[in-house]
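> Quick one: the structure is below, questions incoming.
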Amino acid sequence: MIKVETGLADFDIGSETQDVARHGGGAIASFVGLVRDDGNLQSLELEHYPAMTQKALYGIAEIAKADWALHAVTIIHRVGKLAVGENIVLVVTGSDHRKAAIEACSFIMDRLKTVAPFWKKEVRLDGTDQWVEERQSDIDASKQWDE
Amino acid sequence: MSRSINIVYFSWVRERLGVDEEQFVLGDEVRTIADILNLLADRGAAHADILSDVSKLRFALDQDYGTPASVIGSAKELAIFPPVTGG
């Protein structure tokens with residue numbers, strides 16, 4: 001099973017994990033990304049390219065499912081205006097064994113950050129805003145899976 | 001009959017151009033993304049400025065990543081945007 005969703009709606013980690021568990025295996029790993037409070041952040045505005053987002057996320061999930069023999073993968077990424085502390089992204093992977101589930105979850109997040117067409121704008125408490133720039137550490141993390 | 005392609009922009013590319021999409025008629029001389037970029041740069045100062053440094057931009061043809069050398073072929077949509085920052 002591969003499930004990919006994007007939208008403003010929040011997600012429920014418990015029910016998403018149960019959905020993945022229903023597809024069998026003995027190990028589930030998950031990752032939740034939140035809007036981080038760095039001192040003067042008011043909110044994040046997440047833009048995406050709807051026609052491409054679904055295709056890109058599904059492509060990443062398919063690779064992970066094949067390479068780590070996953071029973072199920074769920075990727076949910078929110079868009080729109082998100083306040084400090086709110087959920088941004090959820091990845092849940094289900095496999096027979098712990099290592100595969102955890103590695104696949106990590107791979108999906110590394111790839112998502114460098115491939116999926118989302119852009120974050122930071123809105124500060126003083127009213128100013130700026131687009132987030134790509135980070136070399138994210139590019140390096142994504143590349144390590146090619147080696 | 002001339003072909004055309006829809007060009008879509010995102011993030012600061014969209015904001016600085018002031019448009020989120022525009023149509024582009026593909027003349028016979030247009031074969032690659034780079035050919036489109038060269039002609040788009042004539043549409044105004046913002047276009048010329050943004051398109052002058054392709055290292056800061058990413059491209060997708062019909063929702064698959066491409067490079068300036070990518071051939072347009074029968075693609076219906078070209079997307080131009082900055083490096084992605086989701087997750």
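> Roughly how many Å² is the accessible area per residue of the protein assembly as shown, as a whole number, for a 1.4 Å probe? Let's see the in-between values first.
Details: 11560 Å² over 234 residues.
Heavy-atom accessible area per residue stands at 49 Å².
> Mind checking the mean number of beta-carbon atoms from other chains within 10 Å of the Cβ atoms in A:110-116?
Details: counts 1, 1, 3, 4, 5, 4, 4.
Per residue, the average neighbour count from other chains is 3.
> Keeping all protein chains in the complex and leaving out DNA, RNA and ligands, what accessible area do you get for A:LYS99 with a 1.4 Å probe, in Å² to the nearest 10?
140 Å²
> Does region B:3-81 come out rounded, prolate or oblate, given a ≥ b ≥ c as the square roots of the eigenvalues of its C-alpha gyration tensor, rounded meaning a/c under 1.5 and, failing that, prolate meaning a/b above b/c? Each step should come with its number before you reach the end.
Working: a/c = 1.45, a/b = 1.32, b/c = 1.10.
Rounded is the answer for region B:3-81, as its axis ratio a/c remains below 1.5.
> Please give, to one decimal in nm, the separation of the simple spin-label points placed at B:LYS76 and A:ALA21, each 7 Å out from Cα toward the Cβ.
Going by the 7 Å Cα→Cβ label model, 4.3 nm.
> Estimate for me the total accessible surface buried between chains A and B (protein heavy atoms, probe 1.4 Å, no ligands or nucleic acids), in Å² to the nearest 100. All intermediate terms of the calculation are to be shown ahead of the outcome.
Numbers: alone 8170 and 5260 Å², together 11560 Å².
Accessible area lost upon association: around 1900 Å².
> I'd like to compare A:1-7, A:53-59, A:82-88: which one has the highest average count of other Cβ atoms within 10 Å, and what's the full order after that? Could you put the intermediate results ahead of the total?
On the way: A:1-7: 16.4, A:53-59: 19.4, A:82-88: 14.9.
Packing proxy ranking, top to bottom: A:53-59, A:1-7, A:82-88.
> If you average the sequence gap of Cα pairs under 8 Å that are 6 or more apart and divide by the length of chain B, what percent do you get for the contact order?
Relative CO of chain B lands at 36 percent.
> Per residue of chain A, what 222 nm ellipticity follows from adding -39500 (n - 2.57) for every DSSP H run with n ≥ 4, rounded to the nearest 500?
Values: 4 runs with 53 residues, N = 147.
Only helices count here, giving -11500 deg cm²/dmol.
> Same structure again: Determine the calculated [θ] at 222 nm for chain B from helices alone, applying -39500 (n - 2.57) to every DSSP H run no shorter than 4 residues and normalising by the residue count; nearest 500 deg cm²/dmol.
Working: 3 runs with 22 residues, N = 87.
When only DSSP H runs of four or more count, the value is -6500 deg cm²/dmol.
> What is region A:2-146's relative contact order, in percent, from Cα pairs under 8 angstrom and six or more apart in sequence? Before the final figure, lay out the partial values.
Numbers: 292 pairs, mean separation 48.0, N = 145.
Relative contact order comes out at 33 percent.
> Could you work out what % of the accessible surface of the protein assembly as shown is carbon and sulfur, using a 1.4 angstrom probe and leaving DNA, RNA and ligands out of the count? Present the calculation step by step, with values, prior to reporting the outcome.
Values: 5710 of 11560 Å².
Its accessible area is 49 percent carbon and sulfur atoms.
> Region A:11-67 to region B:1-51: how many Å between their Cα centroids?
33 Å
> Same structure again: Pairs of alpha-carbon atoms within less than 8 angstrom and 6+ residues apart define the contacts here; what relative contact order does region B:42-87 have, in percent?
On the way: 41 pairs, mean separation 16.3, N = 46.
Answer for region B:42-87 is 35 percent.
> Using the Kyte-Doolittle scale, which helices in chain A average at least -1.0 and also have C-alpha atoms spread 20 Å or more along the helix axis, with helices defined as whole DSSP H runs? Mind showing how you got there, number by number?
Working: long enough: A:50-67 (26 Å, 0.08); A:98-115 (25 Å, 0.24).
Result, helices passing both filters: A:50-67, A:98-115.
> Once you have the Cα-Cα distance between A:GLU62 and A:TRP145, take 0.36 nm times their residue separation minus that, and quote the gain in nm to one decimal.
Values: separation 83, 0.36 × 83 = 29.88 nm, distance 1.50 nm.
Length gained, A:GLU62 through A:TRP145: 28.4 nm.
> Another one. From the gyration tensor of the Cα coordinates in chain A, what semi-axes in whole Å does the equivalent ellipsoid have, largest first, with each one equal to sqrt(5λ)? It would help to have the intermediate numbers written out before the result.
On the way: eigenvalues 149, 56, 36 Å².
Three semi-axes, in Å: 27, 17, 13.
The values are calculated or read from the model by the stated rules, or taken from the named source; none is laboratory data. Only a predicted model underlies this, so the values are computations on that prediction, with no experimental measurement involved. No Cβ is skipped: glycine too gets one built from the backbone with ideal geometry, and neighbour counts run over all protein chains shown. These accessible areas exclude ligands, DNA and RNA; they are computed on the full protein's heavy atoms, side chains included. Shrake-Rupley method; radii C 1.70, N 1.55, O 1.52, S 1.80 Å.
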